[in-house]
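The values are calculated or read from the model by the stated rules, or taken from the named source; none is laboratory data. Because the structure is predicted, anything quoted here is derived from the model rather than measured. Positions of Cβ are generated from backbone atoms using ideal geometry, with glycine treated the same way; all protein chains shown enter the neighbour counts. To get the accessible areas, we keep the full protein, side chains included, count just its heavy atoms, and leave off ligands, DNA and RNA. Shrake-Rupley method; radii C 1.70, N 1.55, O 1.52, S 1.80 Å.
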Amino acid sequence: MKAASFEYHRAASLAEACALLAAHGDSAKLIAGGQSLVPMMAMRLVRPAFLVDINEVAALKFVRTERDAMVTGACTPQCLIQRDETLAARVPLLRQALAWVGHVQTRNRGTVGGSLAHADPSAELPLVAQVLGATMVLRSTKGPRTLHAEQFFTGPMSTAARADECLEEIRWPLWNGKRNGSAFTETAIRHGDFAMVAAAAQVAFDADGLCTRAAFGLGGAGGTPLAFPDIGMRLVGSRLEDEAIERAAADAAKESDPGSDLHATKDYRRHLARVLAIRVLREARDRAVGMP
């Protein structure tokens, strides 16, 4: 199929994009890399009357280091995020997750903000944002607005961004300390396909080998990417023994609410959720304790 007719405008600045959104309201849609929106338009699942292209707005393409966060512009291509060595060293979970995102061609065009704004509950970057507690900075003609990941994702393909707002930047929190480890994995029909279930984890240990912080979550196991901060808190003070990890993964799987489709039943997805949560927690632990 072909997309329904629409009016196209390429914004030269963030201010111009915000002004266009304010003028056209719900009938307008932002486009950057187009890796999710264009196929949906071609299938006529989405029919915007006005398309605002922000992919040439240079102010939305950057990686910046701050004291407590790595900050990425919303239109920064995923391939640049994946190749940035400072970002990989400070927020390793991002590079680990991006290895599972589509294919090279997808990551060359796709943007970090586009994936987050699309809010597919099985997508990799929304899961990382949820697990790490990333912060989204939105911009409109009225000024900036900040939302934490748990506030930003509201449902399948749905966010708390208003019709007149553009995602401007994403703040990825930094974990201090030398003994941190992270891991990401997923199961799909083929590599590059949408994940049936994905799992991500990041943990930290002190010099005595005790867990000081644990964050993990699941994608494709509910209407939004899921994080389990309360279960993670139960792991603090332990050495993340296999038994503790297995209990945490089982509790997380029970809290998940996956659906059934032609690829997998709800029960199978819940089984995958437990298995993959165990896998990433173990791998993150092993990476952390193996550090000097």
Checking Val71 against (1) open to solvent by less than 10 Å² (accessible area, probe 1.4 Å); (2) under 19 Å from the mean Cα position of the chain (by Cα); (3) more than 16 Å from Ala134 (Cα to Cα), the condition it does not meet: (3)
In the range 97-109, anything under 18 Å from Pro225 (Cβ atoms) and surrounded by fewer than 24 Cβ atoms within 10 Å (Cβ to Cβ) is listed as Leu98, Ala99, Trp100, Val101, Gly102
Suppose we filter Arg287, Arg282, Arg239 for residues that are surrounded by fewer than 24 Cβ atoms within 10 Å (Cβ to Cβ) and more than 24 Å from the chain's Cα centre (by Cα); which single one remains? Arg239
Taking the condition of being open to solvent by 90 Å² or more (accessible area, probe 1.4 Å) and either aromatic (Phe, Trp, Tyr) or under 22 Å from the mean Cα position of the chain (by Cα) (or both), how many residues in the range 255-270 meet it? 3
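For every residue, the table says whether it meets (1) out of contact with any Asp or Glu (no Cβ under 7 Å at 6 or more places or on another chain); (2) of a type in the set (Phe, Trp, Tyr).
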position: Ala32; (1), (2): yes, no
position: Gln35; (1), (2): yes, no
position: Val38; (1), (2): yes, no
position: Met41; (1), (2): yes, no
position: Arg44; (1), (2): yes, no
position: Phe50; (1), (2): no, yes
position: Phe62; (1), (2): yes, yes
position: Thr65; (1), (2): yes, no
position: Ala69; (1), (2): yes, no
Among the residues in the range 165-174, are any aliphatic (A, V, I, L, M) and closer than 19 Å to Leu37 by Cα? yes
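Need at least 2 residues that are touching a residue at least 40 places away in the same chain (Cβ under 8 Å) per element, so show me which strands (runs of 3 or more DSSP E) inside the range 1-113 make the cut, counting only ones lying wholly within it.
Working: elements: 7-10, 28-31, 50-53, 63-65, 69-73.
Filter on the range 1-113 gives 7-10, 28-31, 50-53, 69-73.
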Hey, among the residues in the range 160-203 that are of a type in the set (A, V, I, L, M, F, W, C) and touching a Phe, Trp or Tyr at 6+ places or on another chain (Cβ under 6 Å), which one's most open to solvent (accessible area, probe 1.4 Å)? Ala160
